[in-house]
Amino acid sequence: MKKIEAIIRHFKLEDVKNALSEHGIQGMTITEVRGFGRQKGHTEMYRGTEYAVDFVPKVKVEVVVPNAGVQKAIDTIMRAAQTGQIGDGKIFVVSLDETVRIRTGETGEEAI
Amino acid sequence: MSVVPVMRASVVAARERLVEGREKLRRRHAKGSPGIQVSGALADLFDAVVLELFEAALADLGSEAAGETVALVAHGGYGRRDVAPFSDIDLMLLHSAGAERQVAPLAQRMVRDLFDTGLVLGQSVRTPAQACQLARKDTTICTSLAESRLLAGSETVYGRFLRRFRRQSQHRAGGLMAAIELARRKERLQYGETVYLLEPNVKRSRGGLRDIQLLRWIGFVRFGLNDPDSLRLQGALTPEDHDAIRRAQEFLLRLRNEMHFHAGKSYDLLDRAEQLRLAEVYGFKGDAGLLPVEQFMREYFRLTDGVSHVVQRFIANSRPGPRWGEWLAPLFSHQFERDFRIGPTQINANARGLAKLKGDLEQILRLADLANLYDKQIGHATCEAIRAAAPGLSDQLSRRTADRFLSLMSRPPRLASLLRGMHEMGVLDKIIPAFGHARCLLQFNEYHKYTVDEHCLRAVEIATQFQSDPGPLGSVYRRLRRKWLLHLALLLHDLGKGYAEDHSEVGLRIARETSQRLGLSEDDTETLCFLVHKHLLMAHLAFRRDTSDNQLVVRFAVEVGSPEAMQMLFVLTAADMSAVGPGVLNAWKIEVLADLHRRAMQHLAGEAPALASEEWLRDRRAAVLACAGASDRHAWFEKQLAELPASYLLGRPPSELAAELDHLSSLEHGDVLALGRYQEETGAIEFKVGTFESVTPGVFHKLAGALAHKGLQILSAEIHTLADGLIFDRFYVHDPDFAAAPPQGRIDEVCRALVESLRQPAGTQPLFRRVWRAGAERKPAALTPLPTQVRVDNSTSNRYTIFDVFAADRMGLLFTIARSLFQSGLSVSVAKIGTYLDQVVDVFYVTDQAGQKVCDEGRLKEIRQQLLAAIEELERQEALQNVGW
């Protein structure tokens, strides 16, 4: 089992969500986040001069998938979230020890 | 050894009786028996069970004599006889002092037996004195005992208790009422303060059964009567209020019975699943615009809303005698126009004022407007008079009434609470009839927390709170001139809900009707209709579209049309989201919205005033001064910097700004300075022109003409008028004759032409050259160009009238627009010209020749028409030219 955390452009959320559910991924967690990567935050081009503004608003999508489905999930997110411009975001894959469904007590991949 | 459960025969019998009785009543309920009858029958059933066990206990314990010293008393809801199938029952064993020893075994046995039958019991054993003492200390006990009923045993003991309790309650009526109200308020806070909570608790939420009980308790304390029927006979409750309470009580009791029977246990929460089920049980069919569940909940909200108001009113009317504050009021208040008295916290109508208020909407609005102006609450008695008069009000609006309403809408302090009050009193419907439809209209989705009317009122409230918001929303809201227009748009924005058609379209019609009713000007009507019709536009773009795409932002800016409308839409969008429910609008969302707002404002107003903080600008000016170094012209630099707009200051490095100012500082009156430079990174040529206003009238259009004459395409332009009439213009142009850097000779030639154009006598019109180059022929545009538009905004700037011109790009366009403005006798002080693919967004800050804003509607209309005609003419000529070639 892996947890996939994708930081994406906020307006790509609908696309990513739809693409993931088309590929059979049923649950996901969404968080509104702020941050920056190599993009160094928000830069405003104004008449050729840049000035830094602040952290950039992004959306974090978290999904948990069985090992076999990791590559497909990554591809799906990438295809849906790409614009080709700086600031498209990142995908992190994290190993997961355990998953428990609270209502039934099911564990492991059953509980995803 | 196995434990054999032993249960007394009497208990087994009682238990069977209870189960059977309940089942029988369930069937009766299902057949449609009124809630009050089923509840009464349930109370009878419980009584029978309790009495049977009580008598069996007395017989078994051999203490029939205890009947002389003990009274079995039902209290709380059970005392009142309105019990639901699985309600708790409250019992008190009341005994005379000194009989403790006899009573103890009886009490033990009763508790055990009743528990075994499956009833949920609240029990106590007290003497009359103890009971009264506890009631004194604890409001909950007190209210519960106010509903006492003797079930069995000694009438003497019970009578002793009742007399003492009644005396005590009425003796300290004032304090007790306050305590009861407070306890109820706390409970309501916990279970939902507004009636319009979408998952209410039928007992505890506002307007629920508990509020009907509150009325009984207050009635008991104040009048010694707790039954609505008796209160009505006493005149403490008006027939209408009595009727509202009766209807709501019947509805709620039956509803709660249904919920208990269905759940098979005590269950009072009206959650979404239960709402859906009940809408079906109650046979709501739905119609084109409303789901069955929405109809059901509207019924629920209407009734509980009624309860909530009747009870508030009843409490206010029951407050004992005139208090010191009221005696002293005349000393601390003043009379207003002989109709109203304005006190420290309240405004009240006197006899003369009350007479005026009756049946006259204008007077009611006058009062509301005054209350808003002085930031006072409208007194209770005055509210009552208005409520009574409301149904008889005509829904024809006179000019004066409309003006009063608009004046009220323009002031933030109490606006939302006054509007809410007017809605509750039934006055708002008379002004905006569409508000009647929205009353108690539930929106059955996971998103909205309030009914439509409450949502709209809340949106207005939130907008007025932006007055003290430290962020971008506050600074935009505070600058809005026509706040009333924003408030009105918020009040109307969702009223189109609950019809089959898209709510924005219905909303547009409502906005149009309302504008007509209120007699708004054409311009105001247009803005209002736009805001209501497009209230979802900005949220949609900001959260669903790539706002770093400049083309999208330009299209958005063009659709919104003016800086003022853009600012209003920004505030409206935020207030709308925030009014959906707690936590919906957060810092993250504000940031996303503010970003789009700022980008769009750059196109509409040349800058985003709200987001350039003063501190930032100060730092920037200091940096430029530092670059300029120490010189005798320091004061001059400072003066010019103060005039430079924020976008300009922030848009380039301080060293460049310092160098530019240095050039300008040596200019004399009558001089013209023109500089040109090719910019590698953008592939455009930048021309800067410095001169003084006095050199010639219409500087801007002449420069634009010179550039067009030389066959240059103007990509963007900024013009600034600085201190002492110093003009500093900057043009970014594309030279179609040269793919890369043009030779210096060409740049010099253009500079000369720029200087010449200002020195030449007026009247020579430049010829526009037809440009030959690859891609110069206009391809059928991928995006249909939007129609040419000219918008006027007199609100955003203190000193200038702002013209926004949207048109498809063509050679000579800027010259044509600038000349048209010049010929209309306007002076352009600031301009920002932007070309985005084939769409041009031009912003002009203009004044008339006297340096004043142009406010005359007729004049503005004329200027607009001239501009449109000029652009059309250019278009026609271009078409002719194309045919010729």
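Residues in segment B:830-844: is at least one more than 27 Å from residue B:550 (Cβ to Cβ), in the same structural domain as residue B:793 (by TED's automatic domain parsing) and either assigned to a strand (DSSP E or B) or charged (D, E, K, R) (or both)?
Within segment B:830-844, the first condition is being more than 27 Å from residue B:550 (Cβ to Cβ), and the residues that meet it are none.
No, that holds for no residue.
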Query raised in the report: Hey, does segment B:531-539 have a residue that's of a type in the set (Val, Ile, Thr), away from every other protein chain (no Cβ under 14 Å), surrounded by 23 or more Cβ atoms within 10 Å (Cβ to Cβ) and in contact with a His (Cβ under 6 Å, 6 or more places away or on another chain)?
Result: yes
Query raised in the report: Of all residues in segment B:216-253, how many are closer than 12 Å to residue B:311 by Cα and touching a residue at least 60 places away in the same chain (Cβ under 8 Å)?
Result: 9
Report task. State yes or no: is residue B:475 in contact (Cβ under 8 Å) with a residue 40 or more places away in the chain, surrounded by fewer than 22 Cβ atoms within 10 Å (Cβ to Cβ) and either more than 25 Å from residue B:525 (Cα to Cα) or not β-branched (Val, Ile, Thr) (or both)? Result -> yes
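Quick check: is even one residue across segment B:706-720 among the basic types (Lys, Arg) and in contact with a His (Cβ under 9 Å, 6 or more places away or on another chain)?
Going residue by residue through segment B:706-720, those that are among the basic types (Lys, Arg) are B:710.
Cutting the leftovers down to in contact with a His (Cβ under 9 Å, 6 or more places away or on another chain) gives us none.
Taking every residue of segment B:706-720 in turn, none turns out to be among the basic types (Lys, Arg) and in contact with a His (Cβ under 9 Å, 6 or more places away or on another chain).
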Requested in this report: State which residue pairs qualify: first residue under 15 Å from residue B:503 (Cα atoms) and inside segment B:513-541, second residue among the basic types (Lys, Arg) in any location, beta carbons under 6 Å apart, and separation of 6 or more residues or different chains.
Outcome: B:529/B:512
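Does residue A:91 satisfy the criteria of being surrounded by fewer than 19 Cβ atoms within 10 Å (Cβ to Cβ) and either part of a strand (DSSP E or B) or free of Cβ contacts under 8 Å to residues at least 24 places away in the same chain (or both)? Steps first, answer last, please.
On the way: surrounded by fewer than 19 Cβ atoms within 10 Å (Cβ to Cβ): yes; either part of a strand (DSSP E or B) or free of Cβ contacts under 8 Å to residues at least 24 places away in the same chain (or both): yes.
Yes.
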Requested in this report: Return yes or no: is residue B:580 more than 14 Å from chain A (Cβ to nearest Cβ) and within 20 Å of residue B:459 (Cβ to Cβ)?
Outcome: yes
Report summary line: Those residues of segment B:639-678 that are more than 14 Å from chain A (Cβ to nearest Cβ), acidic (Asp, Glu) and surrounded by fewer than 15 Cβ atoms within 10 Å (Cβ to Cβ) come to a total of 3
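Identify, from the list B:717, B:740, B:704, B:684, the residue that is away from chain A (no Cβ under 14 Å), touching a strand residue (DSSP E or B) at 6+ places or on another chain (Cβ under 9 Å) and buried (at least 16 other Cβ atoms within 10 Å of the Cβ). Show your work before the answer.
Numbers: B:717 fails: away from chain A (no Cβ under 14 Å); B:740 fails: buried (at least 16 other Cβ atoms within 10 Å of the Cβ); B:684 fails: away from chain A (no Cβ under 14 Å).
Among B:717, B:740, B:704, B:684, only B:704 is away from chain A (no Cβ under 14 Å), touching a strand residue (DSSP E or B) at 6+ places or on another chain (Cβ under 9 Å) and buried (at least 16 other Cβ atoms within 10 Å of the Cβ).
For segment B:166-266, which fully contained helices (runs of 4 or more DSSP H) count at least 1 residues that are under 29 Å from the mean Cα position of the chain (by Cα) and buried (at least 17 other Cβ atoms within 10 Å of the Cβ)?
Working: elements: B:173-191, B:209-223, B:228-234, B:239-263.
Passing ranges, in order: B:173-191, B:209-223, B:239-263.
How about segment B:131-159: which of its residues are in a helix (DSSP H, G or I) and over 23 Å from residue B:227 (Cβ atoms)?
Taking segment B:131-159 as the starting set, the residues that turn out to be in a helix (DSSP H, G or I) are B:131-137, B:139-145, B:155-159.
Of everything in segment B:131-159, those that are in a helix (DSSP H, G or I) and over 23 Å from residue B:227 (Cβ atoms) turn out to be B:133, B:134, B:136, B:137, B:156, B:157.
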Report summary line: In segment B:467-477, residues that are part of a helix (DSSP H, G or I) and either among the hydroxyl-bearing types (Ser, Thr, Tyr) or out of contact with any Ser or Thr (no Cβ under 9 Å at 6 or more places or on another chain) (or both) total 7
Requested in this report: Only strands (runs of 3 or more DSSP E) wholly contained in segment B:34-130 count here; list those with 3 or more residues that are crowded, with 21+ Cβ neighbours inside 10 Å, out of contact with any Phe, Trp or Tyr (no Cβ under 7 Å at 6 or more places or on another chain) and not assigned by TED's automatic domain parsing to the domain that holds residue B:267.
Outcome: B:70-75, B:89-95
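Consider segment B:540-597. How many of its residues are part of a helix (DSSP H, G or I) and closer than 18 Å to residue B:470 by Cα?
First pass over segment B:540-597, keeping only residues part of a helix (DSSP H, G or I): B:540-544, B:550-560, B:563-578, B:587-597.
This time we only want the ones that are closer than 18 Å to residue B:470 by Cα, so: B:567-568, B:570-575, B:578, B:587-595, B:597.
So the answer is 19.
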Query raised in the report: Exactly one of (1) part of a loop (DSSP other than H, G, I, E, B); (2) of a type outside the set (A, V, I, L, M); (3) surrounded by fewer than 17 Cβ atoms within 10 Å (Cβ to Cβ) is unmet by residue B:496. Its number?
Result: (3)
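Given B:299, B:294, which one is among the acidic types (Asp, Glu), surrounded by fewer than 20 Cβ atoms within 10 Å (Cβ to Cβ) and within 28 Å of the chain's Cα centre (by Cα)? Write out each step before concluding.
Numbers: B:294 fails: surrounded by fewer than 20 Cβ atoms within 10 Å (Cβ to Cβ).
Exactly one of B:299, B:294 is among the acidic types (Asp, Glu), surrounded by fewer than 20 Cβ atoms within 10 Å (Cβ to Cβ) and within 28 Å of the chain's Cα centre (by Cα), namely B:299.
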Report task. Filter segment B:687-710 down to residues that are out of contact with any Phe, Trp or Tyr (no Cβ under 7 Å at 6 or more places or on another chain) and among the aromatic types (Phe, Trp, Tyr) and give me whichever is nearest to residue B:677 (Cα to Cα). Result -> B:700
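Quick one: in segment B:433-457, which of the residues that are under 27 Å from residue B:521 (Cα atoms) and crowded, with 20+ Cβ neighbours inside 10 Å is modelled with the lowest pLDDT?
Of segment B:433-457, the ones under 27 Å from residue B:521 (Cα atoms) are B:433-438, B:453, B:456-457.
Subsequent filtering for residues that are crowded, with 20+ Cβ neighbours inside 10 Å retains B:435, B:438, B:453, B:456-457.
Numbers: B:435: 86, B:438: 78, B:453: 86, B:456: 92, B:457: 90.
Per the stated criteria, the residue is B:438.
Does residue B:360 count as surrounded by 19 or more Cβ atoms within 10 Å (Cβ to Cβ), of a type in the set (D, E, K, R) and farther than 24 Å from residue B:319 by Cβ? So that I can check it myself, show each step before the final result.
Working: surrounded by 19 or more Cβ atoms within 10 Å (Cβ to Cβ): no; of a type in the set (D, E, K, R): yes; farther than 24 Å from residue B:319 by Cβ: yes.
Judged against the criteria, residue B:360 is not a match.
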Query raised in the report: Only one of B:342, B:364, B:347 is at pLDDT below 80 and under 30 Å from residue B:482 (Cβ atoms); which?
Result: B:342
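Residues of segment A:50-83 being within 14 Å of chain B (Cβ to nearest Cβ), assigned to a strand (DSSP E or B), modelled with pLDDT of 90 or more and touching a helix residue (DSSP H, G or I) at 6+ places or on another chain (Cβ under 8 Å), which ones?
Step one: of segment A:50-83, the residues within 14 Å of chain B (Cβ to nearest Cβ) are A:50-60, A:80-83.
After this cut, where a residue has to be assigned to a strand (DSSP E or B) as well, the list is A:50-52, A:56-60.
Filter once more, so that each one left must be modelled with pLDDT of 90 or more: A:58-60.
Listed by number, the residues that qualify are A:58, A:59.
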Requested in this report: Give me a count of the residues in segment B:625-679 that are in contact with a helix residue (DSSP H, G or I) (Cβ under 6 Å, 6 or more places away or on another chain) and assigned to a strand (DSSP E or B).
Outcome: 3
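The values are calculated or read from the model by the stated rules, or taken from the named source; none is laboratory data. Computed from a prediction, not measured in an experiment: that's the story for all the values here. Glycine also receives a Cβ, built like all others from the backbone with ideal geometry; neighbour counts cover every protein chain displayed.
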